[in-house]
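The values are calculated or read from the model by the stated rules, or taken from the named source; none is laboratory data. Just so it is clear, the model here is predicted, and its values are computed rather than measured. For neighbour counting, all protein chains shown are included, and Cβ atoms are generated from backbone atoms with ideal geometry for every residue, glycine included. Ligands, DNA and RNA are stripped out before the accessible areas are found, and what is left, the full protein with its side chains, is counted by its heavy atoms. Shrake-Rupley method; radii C 1.70, N 1.55, O 1.52, S 1.80 Å.
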Amino acid sequence: MKIREWDHSLKVRLIGESIMNITFWMFFPFLAIYFADEFGKGKAGLLLILSQLFSVIANLTGGYCADRFGRKRMMVLSSFGQGLSFLLFAFANSPWYDSAFIGFFAFSIASIFGSLYWPASQAMVADVVEEKDRSDVFAVFYTSINIAVVIGPILGGIFFFTYRFELMIFAALTCFLLAFVLFKWTDETNPRSSQSIETENRKWYDVLVDQVKDYHVIVRDKIFMLFIIAGVLSAQTFMQLDLLIPVYTKETIDVQTIFSFGDWTLSINGERAFGVLVSENGLLVALFTVGISKWVSRFYAKNVFAVSSILYAVSMWVFGLTDWFWGLVIAMVIFTLGELLIVGLQQSFISVLAPEHMRGQYFAAASLRYTIGRMIAPAAIPLTIWAGYFWTFTIIALLSLASAALYYYMFILYGQQKAESSPR
């Protein structure tokens, strides 16, 4: 499906979110280093776990609200809320006041608003794009994110540690701009939007009861629950790109020479090395997402999901075995290939499982793979104090292998379900 054939709301979102994502990736990869330096690795890991616990709750609430009150309204509200959060983060790193704790609080609030945004965002795609084209559309959005991952960390390595206040002000203004663009130039796509008016005059506890009932239906979907559990185990590995890996590279790479020619040498320290690794990941994803998404469509989904988790596991072992910069580059190639295999496939699979009237909640529940994965992933940082880096990476790899086994079992059950439901 060509971009020119997209619904205009998706085109507007693609442009607006691309600008926002570049700004976001100018500071996000460096936050684990910032908090670890300010609080220590043990306290930083526990605080990050706590912040993501609230994001889990917000994620479910976001899916419910996307279905009940509309995709557009939730996206505009979330963008504006993130803008206010980044303003607070800027204040906590201003020339007049400095507080890592308030900065952490602002980051946590921004994460909550982000968890409210994405269920509505993904449900909007499922609303306006036919099933056969959804994988391609999700892949394009994912590619735009990873173009931001290439550009953002390079700029962030320059600005985050020196001009943090100005960077966070810019991030806040970008969020406000995105909120305005979404409000002005996107349409509501919620198929149940006419029902949203009915909820406005209802008691809050009636809405809460309905929400619990709706999610109870999702929990009873055994295949979908296996998908979430396997996804959580896989996601905790993926999240180490923003947590364990930056701390690891900062501590293990002092200054290394990566190129030399005659008397000329090019050296790199740990912080810059991490910026290069993140940009490598983003560049590979930006270049190969669409092509690999089409390529893997010819294989059985259960094999693709399982191999993805296995590649994540291998990459973790390679990371734990080396502090050589080029060894880390190789590990990142393996890591990125695991990521690329399921980029568009997993979102398309969710849209197939989800009933039309519960898409937002299914996407929200599916996003628990990342919110819960992000919640448990910071435990790896204090774990390094007790177990060391090698065994920490090994434990993460074993959890990823468990994910591969669960994915394989889930697809076996899914195939049996389809065979039983098909007409004889």
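Inside segment 57-67, can you point out the residues that are within 18 Å of the chain's Cα centre (by Cα) and open to solvent by less than 20 Å² (accessible area, probe 1.4 Å)? Passing the criteria: Ala58, Asn59, Gly62, Gly63. Checking each residue in segment 289-306 for being part of a helix (DSSP H, G or I) and farther than 15 Å from Phe227 by Cα picks out Thr289, Val290, Gly291, Ile292, Ser293, Lys294, Trp295, Val296. Checked against the criteria, Ala106 does not count as out of contact with any Leu (no Cβ under 8 Å at 6 or more places or on another chain) and open to solvent by less than 40 Å² (accessible area, probe 1.4 Å). Scanning segment 148-164 for residues that are buried (at least 19 other Cβ atoms within 10 Å of the Cβ) and over 15 Å from Ser18 (Cα atoms), we see that the one that is nearest to the chain's Cα centre (by Cα) is Gly156.
Of the residues Ser297, Ser260, Ser308, only one is farther than 26 Å from Met26 by Cβ and open to solvent by less than 10 Å² (accessible area, probe 1.4 Å); which?
Matching residue, one of Ser297, Ser260, Ser308: Ser308.
When you scan segment 131-139, do you find a residue that is over 18 Å from Pro355 (Cα atoms), open to solvent by 10 Å² or more (accessible area, probe 1.4 Å) and in a helix (DSSP H, G or I), even just one? Let's see the steps before the verdict.
First, the residues of segment 131-139 that are over 18 Å from Pro355 (Cα atoms): 136-139.
Restricting the remaining residues to those that are open to solvent by 10 Å² or more (accessible area, probe 1.4 Å) gives 136, 138.
Still in the list and also in a helix (DSSP H, G or I): 136, 138.
Looking for residues that are over 18 Å from Pro355 (Cα atoms), open to solvent by 10 Å² or more (accessible area, probe 1.4 Å) and in a helix (DSSP H, G or I), one finds at least one in segment 131-139, hence yes.
Residues in segment 253-275 that are part of a helix (DSSP H, G or I), under 23 Å from Leu337 (Cβ atoms) and in contact (Cβ under 8 Å) with a residue 60 or more places away in the chain: Phe274, Gly275.
Here the helices (runs of 4 or more DSSP H) wholly within segment 355-424 that include at least 3 residues being modelled with pLDDT of 85 or more are 380-421. Scanning segment 383-413 for residues that are within 17 Å of Asn303 (Cβ to Cβ), over 25 Å from the mean Cα position of the chain (by Cα) and either without any contact (Cβ under 8 Å) to a residue 40 or more places away in the chain or open to solvent by less than 40 Å² (accessible area, probe 1.4 Å) (or both) yields a single hit, Leu413.
The condition (being modelled with pLDDT of 85 or more, among the small types (Gly, Ala, Ser), farther than 28 Å from Gly282 by Cα and open to solvent by less than 50 Å² (accessible area, probe 1.4 Å)) is satisfied by just one residue among Gly81, Gly70: Gly70. A single member of Ile33, Ile49, Ile3 is in contact with a Leu (Cβ under 8 Å, 6 or more places away or on another chain) and modelled with pLDDT under 90, and it is Ile3. Hey, Met316 hits all of (1) in contact with a Gly (Cβ under 8 Å, 6 or more places away or on another chain); (2) over 19 Å from Phe27 (Cα atoms); (3) not β-branched (Val, Ile, Thr) but one; which does it fall short on? Only one criterion is unmet by Met316, namely (1).
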